[in-house]
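Structure first, then comments.
The values are calculated or read from the model by the stated rules, or taken from the named source; none is laboratory data. This one's a predicted model, so the numbers in the text were calculated from it and none came from an experiment. Don't worry about glycine lacking a Cβ; one is built from the backbone with ideal geometry, like all the others, and counts go over all protein chains shown.
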Amino acid sequence: MSPSLLNRRSTPARSSTIRDLLDQARTPGMISFAGGIPDPDRFPLALLADLAAGVIRGQGNEALQYGATAGEAETKAALAGLYGPLPDGSCISSAELVVTSGAQQALDLTARVLLEPGDPVICATADYLGMLGVLNDHGAVPHPIPVDADGLDVERLEVELRGGLRPRACYLVPHHHNPTGATITPPRRAHLHRLSSRYGFVVIEDDPYRELTYDGSEPVEVAADPELTVRIRSTSKILSPGLRIGALAGPRWLTEAVTIQKQSADLHTSTLSQALVVAALGTGLLDEHVAGLRSSYQAKLDLLLGAIQDRFEDRIIVDRPGGGMFLWARFPGIDTSVWLSRAIDNGVCFVPGQAFAVGTDRSDQARLSFVTASPGDLVDGVDRLAQTAPVPTRLPRMLA
Ligand SMILES: Cc1ncc(COP(=O)(O)O)c(C=O)c1O
């Protein structure tokens, strides 16, 4: 078919770097720091196998049937439990919740009901590619705000709002941001929600890494306008991404519109996956499982940081993330996209920072996803990186 028949949405806003990369990551022997992929060795296989057999034998007639667009009542009740109490003591109710096919569908459906072409949407100067793709699909315009170790620079956003910026929405990954690893501080997050109320934009909180805070501390919730806040959760990083179970909670005006859009998108989320997730959450084993994930991921992060410090010394600048799956690293004077092709030839890959960039130069940065590789591969991967690292084109800023 002629590409000229494809519509505007089908023209990628970004190069296919990541797709090509992920293809490379699958070649035998490649050590990949590229994909944001949970550790497959930690999937609770035996538990899920037993539960799946039980679900199909016990509830197969319903679990293999079409289901309700917004999700089964049991799934909604189970997923509402992932939200915890809000600052005012209330809890998310099933009525406010839509079960989605992963957080990714929740983002797309939110965009479908909120955004018009040309609408500015606040995001970070390096942000989640899946959301940047959604914004592109809907013709929205990402409006970048700097992000540092304390999260989005909300003071800066306020200056721009005072200067006349009128966004439709603000996209926020509150915990262990993909790609920067940053967690927004509670005061900044509260400030953002006050700005949302004052200026009338929606805050889309996409929070798939909230359970992966390594010290096990509970996330701090902040006061938010319930009419202007969309909270998205996922079971991808705590159970299995292949099940594709996520949730969207928000004001009734939005969840009703989202449900109508979801009907045309996929009728409903897999009833079988829903039943499996309900069964898994119902075992009460999830807390223990997630605690295991946290300590394993933290140990891998320590290993990666140790190897990086040994091999790169002062040629790298990192902020240690407090959780999640990503290390965001700066290699002053090195163009990481150029480095990548040499690294791939040496059997290791990562995602260059520029792939995530929004209106800012991120070419000396890289996202290293450290949870998928085995401990041995993590160390070998850093060796392979060091063997191929280009000579910096200028003195590192910290030494200059
Ligand atoms: C920030 C962020 N949001 C959403 C998603 C998609 O999650 P899900 O598998 O629930 O669709 C990801 C996956 O990597 C992510 O990093």
Notebook entry, point to check: Being within 16 Å of the ligand (Cβ to nearest atom), at pLDDT 95 or above and among the hydrophobic types (A, V, I, L, M, F, W, C), is that true of even one residue in segment 53-60?
Noted result: no
Check: Can you tell me which of Gly181, Gly242, Gly246 is at pLDDT 95 or above and on the phi > 0 side of the Ramachandran plot?
Finding: Gly181
Next item on the list: Examine segment 203-217 for a residue that is in contact with a Lys or Arg (Cβ under 9 Å, 6 or more places away or on another chain), farther than 30 Å from Ile316 by Cβ and more than 16 Å from the ligand (Cβ to nearest atom), and state whether such a residue exists.
Entry: no
Margin query: Here is a check on your reading of the model: is Asp361 surrounded by fewer than 17 Cβ atoms within 10 Å (Cβ to Cβ), assigned to a loop (DSSP other than H, G, I, E, B) and free of Cβ contacts under 8 Å to residues at least 12 places away in the same chain?
Written below: yes
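From Ala190, Ala224, grab the single residue that is in contact with a Ser or Thr (Cβ under 9 Å, 6 or more places away or on another chain), over 30 Å from Asp41 (Cβ atoms), of a type in the set (A, V, I, L, M) and away from the ligand (no atom under 16 Å from the Cβ).
On inspection, the qualifying residue turns out to be Ala224.
Condition check: out of contact with any Gly (no Cβ under 9 Å at 6 or more places or on another chain), assigned to a loop (DSSP other than H, G, I, E, B) and at negative phi. Does Ile334 satisfy that?
Values: out of contact with any Gly (no Cβ under 9 Å at 6 or more places or on another chain): yes; assigned to a loop (DSSP other than H, G, I, E, B): yes; at negative phi: yes.
Answer is yes for this residue.
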Check: From the list Leu157, Leu135, which one is touching a residue at least 12 places away in the same chain (Cβ under 8 Å) and under 25 Å from Arg244 (Cα atoms)?
Finding: Leu135
Next item on the list: Check Arg252 against each of (1) more than 17 Å from Leu97 (Cα to Cα); (2) exposed (fewer than 13 other Cβ atoms within 10 Å of the Cβ) and name the one condition it does not meet.
Entry: (1)
Item checked: Residue that is surrounded by fewer than 22 Cβ atoms within 10 Å (Cβ to Cβ) and under 24 Å from the mean Cα position of the chain (by Cα), where the choices are Val277, Val258, Val318 -> Val318
Margin query: Yes or no: segment 142-159 includes at least one residue that is on the phi > 0 side of the Ramachandran plot, part of a helix (DSSP H, G or I) and buried (at least 18 other Cβ atoms within 10 Å of the Cβ).
Written below: no
Note to self: Among the numbered criteria (1) more than 20 Å from the chain's Cα centre (by Cα); (2) surrounded by 17 or more Cβ atoms within 10 Å (Cβ to Cβ); (3) touching a residue at least 40 places away in the same chain (Cβ under 8 Å), which one does Thr269 miss?
What the structure shows: (1)
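How do the strands (runs of 3 or more DSSP E) wholly within segment 196-267 filter down when requiring 2 or more residues that are under 30 Å from Gly163 (Cα atoms): which remain?
Numbers: elements: 202-206, 229-234, 246-249.
It comes to 202-206, 229-234.
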Check: All but one of (1) at pLDDT 95 or above; (2) under 22 Å from Val55 (Cα atoms) hold for Thr283; which doesn't?
Finding: (1)
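Starting from residues that are within 15 Å of the ligand (Cβ to nearest atom) and assigned to a strand (DSSP E or B), keep the ones in segment 100-121 and report whichever is surrounded by the most Cβ atoms within 10 Å (Cβ to Cβ). Steps first, please.
From segment 100-121, those within 15 Å of the ligand (Cβ to nearest atom) are 100-111, 121; that's our starting set.
Then drop every residue that is not assigned to a strand (DSSP E or B), which leaves 100, 121.
Values: Thr100: 30, Val121: 24.
In this case the residue turns out to be Thr100.
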Notebook entry, point to check: Within segment 182-203, is even one residue in contact with a helix residue (DSSP H, G or I) (Cβ under 6 Å, 6 or more places away or on another chain), buried (at least 21 other Cβ atoms within 10 Å of the Cβ), under 25 Å from Gln274 (Cβ atoms) and not β-branched (Val, Ile, Thr)?
Noted result: no
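From the list Ile316, Ile232, Ile245, which one is closer than 30 Å to Leu378 by Cα and within 16 Å of the ligand (Cβ to nearest atom)? Please lay out each step first, then the result.
Numbers: Ile316 fails: within 16 Å of the ligand (Cβ to nearest atom); Ile232 fails: closer than 30 Å to Leu378 by Cα.
Of Ile316, Ile232, Ile245, the one residue that is closer than 30 Å to Leu378 by Cα and within 16 Å of the ligand (Cβ to nearest atom) is Ile245.
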